[in-house]
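The values are calculated or read from the model by the stated rules, or taken from the named source; none is laboratory data. Remember, it's a predicted structure, so these values are computed and weren't measured experimentally. Glycine gets a Cβ as well: all are built from the backbone with ideal geometry, and neighbour counts include every protein chain shown. Just the protein is used for accessible areas: all its heavy atoms, side chains included, with ligands, DNA and RNA removed. Shrake-Rupley method; radii C 1.70, N 1.55, O 1.52, S 1.80 Å.
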Amino acid sequence: MTDSIMSKAATMEIPINSNGDTGTLPEDDSLEQAAKLQWSLDEKDLQQVMVSGPNLNETSIVSGGYGGTAEGIIPTSSIKGPNMHHSSSSSSMTAEEITRGVAVEKLETMKKWGLNTYKCTKQMISERFGRGSRTVDLELEAQIEVLRDTKRKYENVLRLARALTNHFYNMVQTQHALGDTFADLSQKSPELRDEFGYNAETQKLLCKNGETLLGAINFFVSSINTLVNKTMEDTLMTIKMYENARLEFDAYRSDLEELSMGPRDAVAMARIDAAQQQYQVHKEKYERLRSDVTIKLKFLEENKVKVMHKQLLLFHNAISAYFAGNQQQLEQTLKQFNIKLRPPGADKPSWLEEQ
């Protein structure tokens with residue numbers, strides 16, 4: 001009897017409503033009774049199955065038939081085994097909250113960056129087309145322009161000094177090879193032994209003095225390189241930060257001026273207060289960097305004069321002594337400026353080889 005009823009149930013279409021419950025089958029009431037009889041479970045057996053079974057916290061079990069009511073739905077979250085705790089759920093919530101906080105913070109940072117970039121770009125375009133005003137410190141900007149021009153000229157001096165070093169090094173190497181050749185010919189040409197010998201000694205002496213002069217020029221190049229590419233560059237980096245701060249300051253100043261000329265309702269006043277705060281922040285940043293630039297320019301000028309006084313004196317004395325053939329004065333110049341030459345046959349490469 002049961003098998004015939006179940007086979008009939010399997011071949012019939014069971015309509016499902018929008019809530020997932022089965023529709024009523026007026027054709028055959030015995031079908032509903034058979035389904036209930038087939039799918040009903042003892043409540044005790046169901047609890048034992050759920051305790052020993054897998055943890056399905058987000059699912060539910062229907063204990064009634066297809067047309068069962070809500071009373072037959074047993075949420076598994078209400079069925080707890082003896083070893084289930086809330087620590088895993090609380091820790092997952094904490095990690096989720098931390099992740100959400102980091103995401104919100106990054107989003108807020110990107111929002112501020114985008115707004116700041118928009119305002120600065122707008123201000124820069126306005127200045128370029130002559131529609132916007134900019135804060136100008138004539139004295140400071142004149143000093144900055146002088147520094148940039150000085151750096152360009154010193155870079156040219158550095159380039160020429162390096163070229164002189166390379167050419168002079170090649171000449172010294174040529175003199176060294178020529179001296180060795182003269183010495184060899186002096187041994188192999190008895191009839192010209194004295195003449196080859198004189199020239200060999202002269203070339204060796206010139207080679208020695210040339211190496212001494214190269215040491216002085218190399219020290220000059222190293223000092224100019226430090227002044228140009230480190231000291232001046234550091235000041236120019238501060239100037240770049242100052243110019244960016246000036247652009248931001250003018251951007252927020254213009255924004256505050258535009259808002260001040262608009263309506264004065266509650267929403268507008270709130271925007272004006274926020275713009276006033278941003279204006280004050282960027283004003284303080286601008287004034288701080290302007291002070292830093294002024295101080296650095298002052299110390300840079302003093303350092304430049306001190307360094308160049310020493311290096312120009314070294315360069316003049318070394319060149320004069322070399323071309324005057326005064327070996328003693330040339331060596332004394334290196335001692336005066338504490339320049340130590342690399343001893344012959346040193347394992348480390350020469351200063352030119354490291355170029």
Output for Cβ contacts, cut-off 6 Å, separation at least six or different chains, first residue under 13 Å from K304 (Cβ atoms) and of a type in the set (V, I, T) in the stretch 146-159, second open to solvent by 80 Å² or more (accessible area, probe 1.4 Å) and not in a helix (DSSP H, G or I), reads none
Considering the stretch 267-325, residues that are small (G, A, S) and more than 19 Å from D250 (Cβ to Cβ), and then whichever is most open to solvent (accessible area, probe 1.4 Å), we arrive at A324
Contact list, first residue from the stretch 277-291 and under 16 Å from R134 (Cα atoms), second anywhere and acidic (D, E) and crowded, with 17+ Cβ neighbours inside 10 Å, beta-carbon distance below 6 Å, six or more apart or interchain, is H282/E248
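A quick yes/no check of all residues on (1) open to solvent by less than 60 Å² (accessible area, probe 1.4 Å); (2) under 30 Å from V228 (Cα atoms); (3) touching a Phe, Trp or Tyr at 6+ places or on another chain (Cβ under 9 Å); (4) at pLDDT below 80:
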residue	(1), (2), (3), (4)
N83	no, no, no, yes
Y118	no, no, no, yes
L140	yes, yes, yes, no
K153	no, yes, no, no
